[in-house]
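Novice: Dropping the structure in here first, questions after.
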Protein chains: 2
Amino acid sequence: MPATIRDVARASGVHISTVSRTFSAPHLVNPETRVRVLASAEELGYRPNRAARALITGRTHNIGLIIADIANPFFPPLIKAAEGQARHRDYHVFVADTNEDPTAEEELVHALAKQVDGVLLCSPRMSNSLIEQVSREVPVVVINRQVAGLPCVMMDVGQGARSAIEHLLGLGHRRIALLGGPRGSWTNREIRRAAGAAARAGGAELTLLGPNPPTETGGGAQAEQVRRSGVTAVLAYNDLMAIGLIEGLDQLGLRVPQDVSVVGVDDIALSRLTRPKLTTVATPTAAAGRTAVDMLLQHDSEPRPRGGGRSAAVGDRRTTAQVMLQTELVIRDSTGPVPETGRTRPGGTPESPGPHRLADPGGPARTTGGVVAS
Amino acid sequence: MPATIRDVARASGVHISTVSRTFSAPHLVNPETRVRVLASAEELGYRPNRAARALITGRTHNIGLIIADIANPFFPPLIKAAEGQARHRDYHVFVADTNEDPTAEEELVHALAKQVDGVLLCSPRMSNSLIEQVSREVPVVVINRQVAGLPCVMMDVGQGARSAIEHLLGLGHRRIALLGGPRGSWTNREIRRAAGAAARAGGAELTLLGPNPPTETGGGAQAEQVRRSGVTAVLAYNDLMAIGLIEGLDQLGLRVPQDVSVVGVDDIALSRLTRPKLTTVATPTAAAGRTAVDMLLQHDSEPRPRGGGRSAAVGDRRTTAQVMLQTELVIRDSTGPVPETGRTRPGGTPESPGPHRLADPGGPARTTGGVVAS
DNA sequence: TTCTTCGCTGCAAACCTTTGCAGTGAAGAG
DNA sequence: CTCTTCACTGCAAAGGTTTGCAGCGAAGAA
């Protein structure tokens with residue numbers, strides 16, 4: 001049904017190459033011919049077949065963005081930022097959602113591989129070796145994970161977790177739980193490592209709860225465990241879990257932050273809207289999206305060889321940079337001083353000490369990142 | 001860099017067609033040859049180029065999903081449902097976000113056109129005529145909009161808006177505002193039409209506020225207007241705006257539902273978590289996603305002619321159905337009886353009458369839809 | 001006049017697959 | 001021994017573009 005270049009050529013009485021040039025190099029064709037071709041094209045509703053074009057140029061002007069869970073509000077800012085940056089460079093972004101499933105993840109990069117010039121692998125759940133493998137099929141930039149030899153943009157959640165633990169230590173907490181995220185998450189490991197070290201250094205006991213699905217439900221489901229464990233503070237893998245946990249604790253009659261303090265990670269928009277407002281580690285998601293696109297596209301202006309030698313793909317960079325973006329602890333209302341010992345039962349105090357409050361930095365975290373490796 | 005079918009053929013000493021068959025019709029090739037080919041392919045890291053394959057088969061096994069704003073929590077359930085349904089039929093979904101921009105919308109369908117077998121146009125902002133035009137380039141199913149001659153799946157927001165207005169009328173409200181959504185939204189028009197009719201029928205005055213961006217910010221920005229207008233109830237274009245409005249009213253010292261009642265549309269997950277919990281019109285988003293995929297793919301089992309005649313694309317259905325899905329009013333805590341006249345200033349009443357509460361249906365809205373046209 | 005230059009256009013290869021058709025050789029039937 | 005059948009494989013066209021190269025005619029230079 002859709003008209004091809006050949007139909008247009010026939011209709012306007014020229015060779016297909018002229019039609020092609022009319023679209024991709026108009027200055028090479030006689031103005032009169034051009035209008036004739038354009039007219040025929042318009043009339044037939046002709047649109048160049050981008051897949052066929054990509055087959056020969058090796059450029060689709062699309063980039064793929066694979067993310068673990070599109071329903072997690074952590075991702076949209078990253079997606080939007082990536083789209084914006086891509087658009088500046090005349091690229092479109094196709095997003096694919098893996099439902100936290102490593103298998104779906106792998107399938108999707110194959111599905112996308114030849115329809116895009118590169119793939120942004122965001123918070124991947126598959127193994128490093130698998131990532132390396134797929135990166136041989138299509139240029140890849142990894143977000144939220146470090147894998148040797150590949151361009152990566154990471155957020156320093158380790159530093160963030162440390163700040164969070166130190167914040168809790170400063171409030172007097174000595175029994176802290178770490179509400180773990182999904183299996184296979186690099187972020188999860190980083191947080192665990194850093195939080196563990198910080199807790200040890202501060203003489204606190206850190207209880208690990210997990211792995212859990214990184215959702216509100218996943219957080220809420222651990223409320224009972226948190227209560228039983230007797231901790232006075234919790235660091236959650238992300239804001240969603242933190243919010244779910246607060247909800248769950250609430251239903252058990254435990255108040256936040258009076259009975260237990262809760263810290264999240266991500267600083268999603270929602271964390272400003274809940275009551276209490278969430279203390280959280282802000283991650284520079286938008287900057288990550290932009291940076292990743294830049295890294296993927298950094299060499300796309302280089303001339304592409306043709307004919308004999310295999311053509312160089314977008315990701316064929318000699319220098320694979322790894323960038324670490326800063327995080328920042330944002331203290332809001334979900335953390336407070338440790339409750340006095342002895343009062344382990346909630347509800348007795350008429351008015352517990354009000355929520356601890358510090359100046360809210362407000363704006364997004366600073367996003368300058370240092371280049372770590374080359 | 002990536003190996004082609006020719007490389008594999010050379011490495012395993014067979015013709016490329018044998019390699020092709022090894023992957024797409026293994027039963028046609030001798031087991032011994034097969035293992036040899038497979039071995040070479042494995043060694044070379046060969047992956048069939050799906051774009052080239054699609055060029056000849058006419059099938060990509062991908063479907064495109066274009067949505068207005070990926071950050072709006074209304075969409076993820078729809079996306080997930082579409083993905084699930086697609087996955088059952090061995091299809092992958094590429095999501096593209098338009099940022100509520102009609103131009104980006106059109107660009108994206110062109111970008112996707114030849115990389116997918118069909119496009120789901122979700123809550124499109126472009127004109128009907130443009131939709132018809134792009135539908136000649138790629139099979140399209142429209143969601144949240146009625147356009148003649150094209151398969152559509154709609155949600156009966158008109159009915160929902162009517163129920164909402166009647167609910168408010170029943171609570172005694174006579175001055176109601178309609179917090180409009182974005183320009184170009186079919187849903188917006190439907191709500192306005194139905195709400196207007198219902199208000200008129202009930203002898204109430206309906207104030208139109210808008211158009212607005214369909215976000216929390218968009219809703220919050222109209223709080224001042226709502227206060228000034230003196231209405232006692234608001235029906236918002238969607239839950240996000242309703243939540244933003246409640247937030248904004250709160251900052252102006254107006255309590256919901258004591259001073260003003262607020263109803264949303266969509267029943268996003270968040271609307272259960274806010275205080276007060278949101279009264280809203282539940283839309284069957286997941287069902288919409290599933291249905292749309294089914295409609296797009298309904299003919300994909302038909303044999304495709306080859307050679308002489310132009311091949312029939314996925315969407316080449318004779319019967320373009322239009323489906324209307326039911327909505328349902330879910331009454332929670334953000335609506336209550338109209339405040340007594342005279343008390344227009346907030347803060348005076350020690351304890352206003354508690355929120356009106358009805359049984360919450362809980363489960364998702366029923367999704368059975370009648371076929372409207374053929 | 002002859003030669004060069006130049007603007008435009010056509011030719012054909014290339015990109016990577018799939019697939020109808022035909023060819024090959026061996027096994028089985030008569 | 002000949003003929004058919006059958007499993008397997010190769011051939012080549014097709015799908016819709018892009019692009020280096022060559023051709024062509026006209027205009028300008030010498």
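The values are calculated or read from the model by the stated rules, or taken from the named source; none is laboratory data. Just so it is clear, the structure is predicted and the values come from calculations on it, not from any experiment. Here Cβ is always computed from backbone atoms with ideal geometry, including for glycine, and neighbour counts include all displayed protein chains. Keep in mind that these areas ignore ligands, DNA and RNA; they rest on the heavy atoms of the full protein, side chains included. Shrake-Rupley method; radii C 1.70, N 1.55, O 1.52, S 1.80 Å.
Novice: Open to solvent by 50 Å² or more (accessible area, probe 1.4 Å) and within 18 Å of residue B:285 (Cα to Cα): is that true of residue B:31 in this structure?
Specialist: It is false that residue B:31 is open to solvent by 50 Å² or more (accessible area, probe 1.4 Å) and within 18 Å of residue B:285 (Cα to Cα).
Novice: Among (1) modelled with pLDDT under 95; (2) at negative phi; (3) within 13 Å of chain B (Cβ to nearest Cβ); (4) more than 10 Å from DNA strand D (Cβ to nearest atom), which single condition is residue A:78 missing?
Specialist: Looking at each condition in turn, residue A:78 falls short on (1).
Novice: Identify the single condition in (1) away from every other protein chain (no Cβ under 12 Å); (2) open to solvent by 10 Å² or more (accessible area, probe 1.4 Å); (3) within 12 Å of DNA strand D (Cβ to nearest atom) that residue B:55 does not satisfy, given that it satisfies every other one.
Specialist: (1)
Novice: Further, regarding this structure: So which of B:218, B:244, B:230 ends up being of a type outside the set (D, E, K, R), in contact with a helix residue (DSSP H, G or I) (Cβ under 9 Å, 6 or more places away or on another chain) and surrounded by fewer than 24 Cβ atoms within 10 Å (Cβ to Cβ)?
Specialist: The unique qualifying residue is B:218.
Novice: Go through (1) within 13 Å of DNA strand D (Cβ to nearest atom); (2) open to solvent by 40 Å² or more (accessible area, probe 1.4 Å); (3) closer than 30 Å to residue A:83 by Cβ one by one and return the number of the condition residue B:61 breaks.
Specialist: Evaluating residue B:61 over (1) within 13 Å of DNA strand D (Cβ to nearest atom); (2) open to solvent by 40 Å² or more (accessible area, probe 1.4 Å); (3) closer than 30 Å to residue A:83 by Cβ leaves (1) as the failure.
Novice: Moving on to the next point. Considering only the range B:118-172, state which residues are hydrophobic (A, V, I, L, M, F, W, C), over 17 Å from residue B:321 (Cβ atoms) and open to solvent by 30 Å² or more (accessible area, probe 1.4 Å).
Specialist: B:130, the sole residue that qualifies.
Novice: Continuing with this model, one more query. Out of all the residues in the range B:83-101, which are more than 10 Å from every other protein chain (Cβ to nearest Cβ) and under 26 Å from residue B:282 (Cβ atoms)?
Specialist: Answer for the range B:83-101, where residues must be more than 10 Å from every other protein chain (Cβ to nearest Cβ) and under 26 Å from residue B:282 (Cβ atoms): B:85, B:86, B:88, B:100.
Novice: I would also like to ask the following. Sort out which residues of the range B:42-52 are more than 9 Å from DNA strand D (Cβ to nearest atom) and in contact (Cβ under 8 Å) with a residue 24 or more places away in the chain, and write them in order of number.
Specialist: B:43, B:44, B:45, B:46, B:47, B:48
Novice: To continue, here is another question. Suppose we filter A:21, A:6 for residues that are crowded, with 18+ Cβ neighbours inside 10 Å, within 12 Å of DNA strand D (Cβ to nearest atom) and at pLDDT 95 or above; which single one remains?
Specialist: A:21
Novice: Also, quick follow-up: I'm checking my understanding of the structure. Among residues of the range B:102-116 that are more than 10 Å from chain A (Cβ to nearest Cβ) and surrounded by fewer than 22 Cβ atoms within 10 Å (Cβ to Cβ), which one is nearest to residue A:103 (Cα to Cα)?
Specialist: By that ranking, first place goes to B:106.
Novice: Okay, moving on. Restricting to the range A:287-296, count the residues that are open to solvent by 10 Å² or more (accessible area, probe 1.4 Å) and either within 13 Å of the chain's Cα centre (by Cα) or not hydrophobic (A, V, I, L, M, F, W, C) (or both).
Specialist: Total satisfying the criteria: 3.
Novice: Among the residues of the range B:61-70, is there at least one that is within 7 Å of chain A (Cβ to nearest Cβ) and within 13 Å of DNA strand C (Cβ to nearest atom)?
Specialist: No, there is no match, as no residue in the range B:61-70 is within 7 Å of chain A (Cβ to nearest Cβ) and within 13 Å of DNA strand C (Cβ to nearest atom).
Novice: Only one of (1) within 13 Å of DNA strand D (Cβ to nearest atom); (2) among the aliphatic types (A, V, I, L, M); (3) more than 14 Å from every other protein chain (Cβ to nearest Cβ) is not met by residue A:39, so which one is it?
Specialist: That leaves (1) as the condition not met.
Novice: Moving to a separate point now. Within the range B:232-262, take every residue that is part of a helix (DSSP H, G or I) and within 15 Å of residue B:285 (Cβ to Cβ) and give me the one that is nearest to the other protein chains (Cβ to nearest Cβ).
Specialist: B:240
Novice: Can I ask one more? For residue A:182, work out the one condition from (1) surrounded by 20 or more Cβ atoms within 10 Å (Cβ to Cβ); (2) in a helix (DSSP H, G or I) it doesn't fulfil.
Specialist: The single condition residue A:182 does not satisfy is (2).
Novice: To continue, here is another question. Inside the range B:1-72, counting only helices (runs of 4 or more DSSP H) that do not spill past its ends, which hold 2 or more residues that are more than 30 Å from residue B:292 (Cβ to Cβ)?
Specialist: B:5-12, B:16-24, B:31-44
Novice: Another question, if that's okay. Whether any residue in the range A:263-286 is modelled with pLDDT under 75, assigned to a loop (DSSP other than H, G, I, E, B) and surrounded by fewer than 18 Cβ atoms within 10 Å (Cβ to Cβ) is what I want to check.
Specialist: no
One line per residue, one yes/no per condition, for (1) outside the structural domain of residue A:295 (by TED's automatic domain parsing); (2) closer than 30 Å to residue A:197 by Cα:
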residue	(1), (2)
A:84	no, no
A:110	no, no
A:129	no, yes
A:146	no, yes
A:161	yes, yes
A:168	yes, yes
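Novice: Limited to the range B:132-151, what total is found for residues that are outside any loop (DSSP other than H, G, I, E, B) and within 12 Å of the chain's Cα centre (by Cα)?
Specialist: Qualifying residue count, the range B:132-151: 3.
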